[in-house]
Amino acid sequence: LLSSELNIKNIILQYDQKTTQASAQLDTAMTPKLEQEGKLRDIIREIQQKRKEMGCELTEWVAVTLPHVFKPDEQYIAHRVLAKNISFHDTDTVEVKRIP
């Protein structure tokens, strides 16, 4: 419950039975992997927002164009946003189009 509420990966809880006090240790170090995960969540949120603005149905497939940095996560993104086609380009823009 704590990790989901605090949006963190790992919590170490310690409980002292003598004093009935609990403490938690949080690793707040930002790693490149965590930064990429954050960017991935942001791009998925942006695609979903564009789908909503276009009036896409929940089950409607789309075509997406993304920056090259997301190429390693192509299949994960496609699954999350129902993208039948994903292409990549050199700009930072995100494009979402309906598939006829």
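The values are calculated or read from the model by the stated rules, or taken from the named source; none is laboratory data. The structure displayed is predicted, hence computed values, not measured ones. Methodologically, a virtual Cβ is constructed for each residue, glycine included, from the backbone with ideal geometry; neighbour enumeration extends over all protein chains shown.
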Cβ pairs under 9 Å, 6+ apart or interchain, first in the stretch 25-50 and basic (Lys, Arg), second at pLDDT 90 or above, ordered by first then second residue, are Lys39/Val69; Lys39/Phe70; Lys50/Cys56; Lys50/Val62; Lys50/Val64; Lys50/Val94; Lys50/Glu95; Lys50/Val96
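Identify the residue in the stretch 3-24 that is polar (S, T, N, Q) and in contact with a Leu (Cβ under 9 Å, 6 or more places away or on another chain) and, among all such residues, is farthest from Glu35 (Cα to Cα).
Of all residues in the stretch 3-24, those polar (S, T, N, Q) come to 3-4, 7, 10, 14, 17, 19-21, 23.
Next, from what is left, pick out any that are in contact with a Leu (Cβ under 9 Å, 6 or more places away or on another chain): 10, 23.
Details: Asn10: 16, Ser23: 27 Å.
Among those that are polar (S, T, N, Q) and in contact with a Leu (Cβ under 9 Å, 6 or more places away or on another chain), it is Ser23.
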